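This report refers to the structure that appears directly beneath it.
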Amino acid sequence: MNEFNLDRLVRENIRRMTPYSSARHEFTGMASVYLDANENAFGSPLPDNYNRYPDPLQHNLKEKISAVKGIPAQHIFLGNGSDEAIDLLFRIFCEPGKDNVIIFPPTYGMYEVCAEVNNVSVKKVPLTPAFQIDLEALEAAVDENSKLIFVCSPNNPTGNSIHRPDIELLLNNFEGLVVVDEAYINYARQKTMIPELTEYPNLVILQTLSKAWGLAGLRLGMAFASNPVTELMNRVKYPYNINTATQRLAEEALTRISSVNNWTQTTVREREELAAALVSLPFITTVYPSDANFLLVKMVNARTIYAYLAEAGIIVRDRSTVILCDDCLRITIGTPDENRQLLEALKKYSA
């Protein structure tokens with residue numbers, strides 16, 4: 001493995017910056033009178049002391065996540081969705097107008113959006129027809145200004161996991177950061193790469209509470225990385241990026257793991273049953289194997305079928321214009337009743 005030098009990757013202005021120090025950063029003990037943050041001392045129209053600013057580093061919530069994920073709290077960064085973590089990685093490590101990142105389309109669209117916002121060029125190395133990394137094409141794309149490689153696994157919109165040996169090959173040879181987005185890992189046969197953080201200082205893992213945990217409305221994303229990387233992310237983030245309500249509700253949700261496990265098992269079972277049922281329809285040409293809570297389905301006249309389903313009040317995602325996804329719809333796994341309604345509508349279409 002190449003010797004990894006994090007300091008070489010960090011933008012000079014980030015190294016020099018003095019981070020904003022909030023009142024809650026400067027004092028973390030217990031007190032009876034708080035006159036430091038210009039808050040409304042009389043309270044708020046809501047209960048539970050919402051007149052006070054939230055913990056800027058989310059200590060209690062990180063400790064609960066630490067217990068669930070089996071990783072020390074100092075290796076955890078919490079963001080307003082995973083998108084905040086993605087954006088911070090660009091701002092910390094990519095010099096605008098100079099550096100580049102590498103993505104493997106078709107993949108999650110926010111990598112490219114964040115690059116455009118930060119004026120960072122994107123090198124696209126399309127996946128193979130089997131939806132795996134084209135290692136030869138990747139080797140040709142990497143240059144001295146390549147700072148980040150984004151690997152979505154399980155991948156969105158294809159649903160498959162990227163081969164673990166290929167990811168490890170990147171980690172062992174790439175001199176920048178390898179960002180593995182595991183938003184759908186709860187549904188996958190392949191295990192999380194969190195245990196590999198001790199071996200790879202250039203590994204960043206993204207996860208979320210929006211999918212299996214059912215907390216999309218809270219917008220809480222997680223990044224797991226070496227302590228130097230999470231410290232940089234905490235320096236650059238906005239001071240109070242996770243509000244008090246989100247922190248409290250997430251802490252409560254993390255005590256209900258059994259519910260999440262039950263939903264996940266049901267979703268995986270429904271995924272397999274829905275895939276088998278879709279294959280039997282005459283206009284379905286391929287149902288791609290999935291490790292996520294959705295299926296990528298190739299069919300005849302996907303756009304027409306998308307419009308037909310929308311007219312019936314069933315909304316799926318049209319991916320037919322995306323590379324390698326010609327005539328494909330992405331279908332989220334719903335409840336058993338929602339999946340039944342989908343199948344009934346599609347059977348009527350084929351009748």
Practice item. Take residue 68 and decide whether it is over 26 Å from residue 222 (Cβ atoms), of a type in the set (Val, Ile, Thr) and either exposed (fewer than 10 other Cβ atoms within 10 Å of the Cβ) or under 34 Å from the mean Cα position of the chain (by Cα) (or both). Key: no
Check your understanding: Only one residue in 52, 11 is of a type in the set (Lys, Arg), within 30 Å of residue 169 (Cβ to Cβ) and either modelled with pLDDT under 95 or surrounded by 14 or more Cβ atoms within 10 Å (Cβ to Cβ) (or both), so which one is that?
Key -> 11
Review point. In segment 209-227, is there at least one residue being surrounded by fewer than 23 Cβ atoms within 10 Å (Cβ to Cβ) and within 19 Å of residue 10 (Cα to Cα)?
Key: yes
**Study point:** strands (runs of 3 or more DSSP E) within segment 162-235 that include 1 or more residues over 14 Å from residue 77 (Cβ atoms) and within 13 Å of the chain's Cα centre (by Cα)
**Key:** 177-181
Point to revise | Number of the condition not met by residue 259 [criteria: (1) part of a helix (DSSP H, G or I); (2) touching a residue at least 24 places away in the same chain (Cβ under 8 Å)] | key: (2)
Review point. Do any residues in segment 42-68 that are more than 24 Å from residue 237 (Cα to Cα) have Cβ atoms under 7 Å from those of residues that are surrounded by 15 or more Cβ atoms within 10 Å (Cβ to Cβ) and aromatic (Phe, Trp, Tyr), where the two are at least six apart or on different chains, and which pairs are they?
Key: 44/50
Exercise for review: Inspect segment 85-105 for any residue being under 23 Å from residue 318 (Cβ atoms) and assigned to a loop (DSSP other than H, G, I, E, B) and give the result as yes or no.
Suggested key: yes
Exercise for review: Please verify whether segment 102-115 includes one or more residues that are within 21 Å of residue 12 (Cβ to Cβ) and among the small types (Gly, Ala, Ser).
Suggested key: yes
Study note, to complete from the structure: Restricted to segment 271-313 and to residues being polar (S, T, N, Q) and outside any helix (DSSP H, G or I), the residue farthest from residue 188 (Cα to Cα) is 301
Point to revise | Matching residues in segment 114-123 - criterion: being part of a helix (DSSP H, G or I) and either in contact with a helix residue (DSSP H, G or I) (Cβ under 6 Å, 6 or more places away or on another chain) or under 17 Å from residue 149 (Cβ atoms) (or both) | key: 114, 115
Review point. Does residue 337 meet the test of being of a type in the set (Asp, Glu), without any contact (Cβ under 8 Å) to a residue 60 or more places away in the chain, closer than 21 Å to residue 156 by Cβ and not assigned by TED's automatic domain parsing to the domain that holds residue 214?
Key: no
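The values are calculated or read from the model by the stated rules, or taken from the named source; none is laboratory data. Keep in mind it's a predicted model, so treat the numbers as computed, not measured. Positions of Cβ are generated from backbone atoms using ideal geometry, with glycine treated the same way; all protein chains shown enter the neighbour counts.
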